[in-house]
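Take a look at the structure set out below.
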Amino acid sequence: MGTRRTGKIVILTGAGISAESGLGTFRDEGGLWSQHRIEDVATPEGFARDPALVQEFYNARRVQAAAARPNAAHLALAHLQEDHRGEVVIVTQNVDALHEAGGAQSVLHMHGTLAGALCAGCGHRWRAPDTMAVGEACPACAAPLARPDVVWFGEMPYLMDEIFGHLASCDVFAAIGTSGEVYPAAGFVREAAAYGAHTVELNLEPSSVVSAFAETRFGKATDIVPAWVDDLLGQTVRS
Ligand code: OAD
């Protein structure tokens, strides 16, 4: 048993944590953004221009995500949430539900989720069908404006006040499987560090913001995340 108290831990995850569950990342070779243009499928303007293309893109991702199973990294984070004496907050940019499937509690989905539908007219939310059709009516206001409840470029990510509150009060901040290309998430490390947190990057390769981290661990998420969790739980003062 070590002597270091790790207190509250905030963990940011990105597409890299789900890669070994078979879900493609965005910016790796052959990733989603090499097959689709962001402005076509991940912006409100793209949806206004060609809603069928956008629904088709997310319908395919919904089918793929439903077939995926959580991997050892998702399971390790759920284990950390259960066994760590302090609070463990998981913030994810991922729209899959693999953290929850792996047993994690209270995951903050800052980029929304494939499981949700959102009315572009009145903002009502409901559970998305497996296949969303163009012009599907909102169950609350009947406008034919159903869209996936995912955050697109040019839109404000969800839960920002709550997340920045956690960043200001955590002892450890870790980013797992994210390239550091997309803000505000890429700025979380500097925010947490400014409030005195120890910062750790766990990734296959150094991210764009690697220099902001105090500690780095490189490798596949299924190897390095369980090892990091073991280290953390071993360090925690259990008295
Ligand atoms: P990216 O595709 O940008 O980055 C994935 C990261 O995961 C890279 O740094 C890879 O090196 C790393 N990686 C790949 N395989 C891994 C593995 N097996 N183990 C560990 N790491 C691995 O994905 P994100 O950073 O999540 O937003 O992308 C951020 C946002 O950009 C997404 O939420 C999405 C996208 O556009 C929106 O659509 C709004």
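The values are calculated or read from the model by the stated rules, or taken from the named source; none is laboratory data. Please read all numbers here as calculations on a predicted model, not as lab measurements. Positions of Cβ are backbone-derived with ideal geometry, glycine not excepted, and every protein chain shown enters the neighbour counts. Only protein heavy atoms, including side chains, enter the accessible area calculation; ligands, DNA and RNA are left aside. Shrake-Rupley method; radii C 1.70, N 1.55, O 1.52, S 1.80 Å.
The overall shape of region 56-121, judged from the alpha-carbon gyration tensor, is oblate: a/c is not under 1.5, and a/b is no greater than b/c. Rolled with a 1.4 Å probe across the full set of protein chains, the surface gives residue 173 an accessible area near 0 Å². Applying the criteria of a DSSP loop state and at most 15 other Cβ atoms within 10 Å to the chymotrypsin sites (Phe, Trp or Tyr not before Pro) of region 87-157 yields 153. Accessible surface for residue 211 stands near 100 Å², nearest 10, in the context of the full protein assembly shown (1.4 Å probe).
How much of the accessible area of region 5-86, probe 1.4 Å, is carbon plus sulfur, in whole percent? Don't skip to the answer; put the middle values down first.
On the way: 2000 of 3880 Å².
In region 5-86, the share of accessible area belonging to carbon and sulfur is 52 percent.
Using heavy atoms of the protein chains and a probe of 1.4 Å, the accessible area assigned to residue 183 is about 140 Å².
Give me the net charge for the shell around residue 95: Cβ to Cβ below 10 angstrom, other residues only, Lys and Arg +1, Asp and Glu -1.
Overall, the nearby charge balance is 0.
Placing unit charges on the Cβ atoms only, positive for Lys and Arg and negative for Asp and Glu, gives region 6-140 a dipole magnitude near 240 debye about its Cα centre. Taking 0.36 nm per residue of separation and subtracting the current Cα-Cα distance, fully stretching the chain between residue 164 and residue 193 would add 9.2 nm. Full extension of the chain between residue 122 and residue 218 gives 30.2 nm of extra length, using 0.36 nm per residue less the Cα-Cα distance. Here the extension length gained between residue 101 and residue 210 equals 36.3 nm, from 0.36 nm per residue of separation less the Cα-Cα distance. Within the shell of other residues whose beta carbon sits under 12 angstrom from the beta carbon of residue 228, the net charge comes to -4, with Lys and Arg scored +1 and Asp and Glu -1. If R0 equals 22 Å, the separation of the Cβ atoms of residue 82 and residue 28 corresponds to a calculated FRET efficiency of about 0.10. Here the simple spin-label model places points 7 Å from the Cα toward Cβ, and for residue 53 and residue 69 these points are separated by 3.7 nm. Charge tally around residue 158: other residues with Cβ under 12 Å, Lys/Arg +1 each, Asp/Glu -1 each, net -3.
In loop segments of region 149-239 as defined by DSSP, the GluC sites (Glu not before Pro) with at most 13 further C-beta atoms inside 10 Å of their C-beta are 155.
Grab the DSSP H runs of the chain that are 4 residues or longer, score each as -39,500 (n - 2.57), total them, divide by all residues and round the 222 nm result to the nearest 500 deg cm²/dmol.
-9000 deg cm²/dmol
Taking GluC sites (Glu not before Pro) across region 23-56, the ones in a DSSP loop with at most 16 further Cβ atoms lying within 10 angstrom of their Cβ are 29. Calculate the length of the line joining the C-alpha centroid of region 186-238 to that of region 1-57, in whole Å. Comparing the Cα centres of region 186-238 and region 1-57, I get a distance of 19 Å.
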